[in-house]
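Below is one structure, written out as structure tokens; comments come after it.
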Amino acid sequence: MADDYDADLAEAIRLSLLDQGESSPVSTKTKPPRIKKEEIEQPIIIIDDSDDDDAKDDKSLVKKAIKKEEEEQRKQTKGKPKAIKKEDAKEENPKPPGLLGLDRAQMERDRLARLKRKTPGDSYVPQAKHTKSLAAQDLVVKKEEPDESPAGPSKNTRGPFMTLRDLQERVTSYVPRATQYREGVVKKTYIQGVTRTPDDITIEEVLQKDTLQTAVLSAYQWDFLWILGKVKTGECDLVLVLHAKEDDVDHYRRNLCNIPRTRLCFPDMSGNVNIMHSKLQLLFHLTHLRVVVPTANLTSYDWGEATGTGSNEGVMENSVFIIDFPELPKTSMQGSTNPSHTSFSRNLLHFCKAKGIPSDIIGKVDRVYDFTGSQRLGFVYSIGGSHNGDEALRNGVCGLASTVRDLGLKTRKRVEVDYVTSSLGSLNKEFLLRVYRALHGDEGKKSIVNIPKKYSARQAIAPEDESTDSETDEDESDDKVWRDVRSSMRIYFPSRSTVARSKGGIENGGTICFQRQWFNGSKFPQSLLHDCQSVRRGMLMHNKIIFVRFLRPRGNNIGWAYVGSHNLSESAWGKLVWDRSLKDFKMSNRNWECGVIVPVALAGGQEVARGPRAEASTPDMGVFANVVPVPMSVPAAALSTVDNPPWYFGELRGDP
């Protein structure tokens, strides 16, 4: 209770104790006339259930009580005393009722009792008043469940204002904030109509709209009405990162200008840039930043919801990486730089700046959050356009290689690769060699041709790139590496029969893209393609996941996985060449993409000694359990031209 009315309250208590006789511990300078208990008519005080425990209400109540008591004392000589039943007066240890029954402890008990009678059916929560209280308690509100009670609203339903207790009763549970996914996690999107598992997550659980303050959302395909219904539009600041060529920018600005508290962001699509395919999300909550890297676009079917065509089941599945970064202690924010930055966070910031995300968002990501939890993770990106020098080697397929190396995952031994993709480009030996080498941590500079001899030193491997033990004598010729590719790499893409037999049928295969002429091309490695069938029967996939397993452990890691937006195509991963005019390396990317590398440690975290006599044994796909859910059935049947052809996008248009 507030200090500014303690004097009034003290006076009220003093007056209420006058009837205690000689045993009262309260002494006064002037003793007013004694009044017998029987002569006082006990009033009835009614306190409205809708009152909150605000200081101004308590102060007013005390003042009214004092005024009422003075009036009763003036009138008591005129009125007749009211008899009190003996049984009401009998009590083993009678407690002084105080002025008009007003007692501070009893008032508190009454207030708590009133709060318990509140009905959690209110539809309005004052934003500033209650979110601040939640932040102080370090709590998060999970999605509110609808009230299915057939009795309807309670008689005690309140007006528009709520107490924190009301808010607590409205939600299903509370969990500690900023600790849910502090080390990062990979989940599958929940599919409506399919039995849920612990690996599944919904878009509502990703966004956590009840405490979401600012959201940066990116996608290639959008269902704007759907996604805006998943956030509190008008209460949450939005930044929408859109795929738009020059002619489309004005169209989006005209049609989305009326969404309150929303800004639009258009990454550079000039030159040879084809699509903005990144799906990165930055979700700012009261106490943490959630970074989300899904394989899904922002459409209902990509997030497993029913398509609304007479079926109550979803038809498409995806995967999503999530990590929560808590705020730094205030003492750590006082310096000019954030001491917690990692390779992950620096790459994330670089990519966000390149996309043109507003500077206030960039500044908050840079200075406010603790990125310590991302030390063991890698952030990989492709920035659309052409890049030279060091930027070329941080981008696309070269960026993949450098991230693998920085995480200590580089190896020159053969690795087992399982690549799940929802779109395929025109694959050939040259491109697949670049990708396979990058998965080893090799940027591929030595494979670049037409470099003048005086610049050939730039192809040399840096000392820190050198592998140890027996790996230095590995044959790295194209022929040897290509043999490894053909024996150790599997590419998962659905067959026509898999799409046709899926719950969505061929009508829902429109985001799974491949062309017949590429598969039938003379240079296409058909033997690498395998039928992608989901472990969730009847589901189609929009996943982009790479599973890499080592022949020998690297430190305490037995492999790693990539989750993101990169399909298996040169448009996504880019091409490194030598720029004769600039006399430097040049990386050309036609897409904007991003993803995350998650190392997979040995069971128990033990480290295996390396050496030429160490036993080599490639683990099975079970090593990814509890780290990255494996969405496809393995082993999988090979695709072929006649017996089991792949799905061709053109079949939706009736093309042969």
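Read the figures in this text as sums done on the coordinates, not as results from a lab. Computed from a predicted model, the values in this text were never measured in an experiment. Here the Cβ is made from the backbone with ideal geometry for all residues, glycine too, and neighbour counts use every protein chain on show.
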- Message: If packing is taken as the average count of other Cβ atoms within 10 Å, what order do 237-248, 253-264 fall into, highest mean first?
- Response: 237-248, 253-264
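Might you report the magnitude of the Cβ-based charge dipole of region 179-375 about its Cα centre, with Lys and Arg at +1 and Asp and Glu at -1, to the nearest 20 debye? Walk me through the numbers on the way to the answer.
Values: 20 positive and 23 negative charges, 104 e Å.
In debye, rounded to 20, region 179-375 gives about 500.
Where Rh denotes the Kirkwood radius from the mean inverse Cα pair distance, what is Rg over Rh for region 192-278?
Numbers: Rg = 15.2 Å, Rh = 14.7 Å.
Here the Rg-to-Rh quotient is 1.03.
Kindly put Phe514, Phe344 in sequence by how many other C-beta atoms sit within 10 Å of each C-beta, fewest to most.
Listed from fewest to most nearby Cβ atoms, that is Phe514, Phe344.
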- Any idea how far the Cα center of region 270-343 sits from the one of region 532-586, in Å? 19 Å
- Task: Give a residue-ordered list of calculated ³J(HN,Hα) values for region 627-642 (Karplus: 6.51 cos²θ - 1.76 cosθ + 1.60, θ = phi - 60°; whole Hz; x for Gly, Pro).
- Result: 10, 10, x, 7, x, 9, 6, 10, x, 10, 5, 6, 8, 8, 5, 9
- What does the charge count near Thr189 come to, summing +1 for each Lys or Arg and -1 for each Asp or Glu among other residues with Cβ under 14 Å from its Cβ? -1
- Among Gly505, Leu529, Phe550, pick out the residue whose Cα is farthest towards the positive end of the charge dipole of region 488-568, where Lys and Arg carry +1 and Asp and Glu carry -1 on C-beta, about the Cα centre. Phe550
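In which sequence would Glu593, Glu205, Glu416 go, from the one with the fewest C-beta neighbours within 10 Å to the one with the most? Walk me through the numbers on the way to the answer.
Working: Glu593 30, Glu205 14, Glu416 19.
If I rank by nearby Cβ atoms, fewest first, I get Glu205, Glu416, Glu593.
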- Taking Rh as the Kirkwood radius computed over alpha-carbon pairs of region 179-375 and applying Stokes-Einstein at 10 °C with viscosity 1.306 mPa s, one gets a diffusion coefficient in µm² s⁻¹ of 89 µm²/s
- Counted charge near Gly538, where neighbours are those whose Cβ lies closer than 12 Å (Asp, Glu -1; Lys, Arg +1): +2
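When DSSP assigns beta bridges and you keep just the ones with both residues in region 179-375, what percent turn out antiparallel, to the nearest 5? Let's see the in-between values first.
Details: 21 of 34 bridges.
The antiparallel proportion sits near 60 percent.
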- Task: Can you check what the net charge comes to around Val368, using other residues whose Cβ is under 14 Å from the Cβ of Val368 (Lys, Arg +1; Asp, Glu -1)?
- Result: -1
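Among the listed pairs Lys209/Lys544; Lys410/Lys523; Lys279/Lys575; Lys187/Lys544, give every one whose C-alpha distance is greater than 24 Å.
Numbers: Lys209/Lys544 27 Å; Lys410/Lys523 29 Å; Lys279/Lys575 22 Å; Lys187/Lys544 13 Å.
Distance filter (> 24 Å) returns Lys209/Lys544; Lys410/Lys523.
So how do 187-196, 219-228 stack up, highest first, on mean other-Cβ count within 10 Å?
Working: 187-196: 18.8, 219-228: 17.0.
In descending order of packing, they fall as 187-196, 219-228.
Assign unit charges at the C-beta atoms only (+1 for Lys and Arg, -1 for Asp and Glu), then state the dipole size of region 476-635 relative to its Cα centre in Debye, rounded to the nearest 20. Intermediate results must be reported in sequence, preceding the final value.
Details: 22 positive and 13 negative charges, 53 e Å.
Taking the Cα centre of region 476-635 as origin, the dipole is about 260 debye.
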- Item | Lys/Arg +1, Asp/Glu -1 at C-beta; region 179-375 dipole; positive extreme among Ser345, Ser311, Val249 | Ser345
- Message: Is the C-alpha gyration tensor of region 522-611 telling us rounded, prolate or oblate? Criteria: a/c under 1.5 is rounded; beyond that, a/b larger than b/c is prolate, otherwise oblate.
- Response: oblate
- Item | Net charge dipole size for region 202-285 [Lys, Arg +1 and Asp, Glu -1 on Cβ; Debye, nearest 20] | 120 debye
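If each residue of separation counts as 0.36 nm, what is the full-extension length gain between Thr197 and Ser359 once their alpha-carbon separation is subtracted? Please report the intermediate quantities before stating the final value.
On the way: separation 162, 0.36 × 162 = 58.32 nm, distance 3.93 nm.
So the chain would gain 54.4 nm between Thr197 and Ser359.
Between rounded, prolate and oblate, where does region 332-390 land on the alpha carbon gyration tensor, with a ≥ b ≥ c its root eigenvalues, rounded for a/c under 1.5, else prolate if a/b exceeds b/c?
Numbers: a/c = 2.30, a/b = 1.46, b/c = 1.58.
Because a/c hits 1.5 or more and a/b fails to exceed b/c, region 332-390 counts as oblate.
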- Task: Please state, to two decimals, what the Cα-based radius of gyration of region 398-443 comes to when divided by 2.2 N^0.38 Å (N = residues).
- Result: 1.19
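Counting other C-beta atoms within 10 Å, which of Trp592, Trp647 has the fewest, and how do the rest follow?
Values: Trp592 29, Trp647 26.
In increasing order of surrounding Cβ atoms, one gets Trp647, Trp592.
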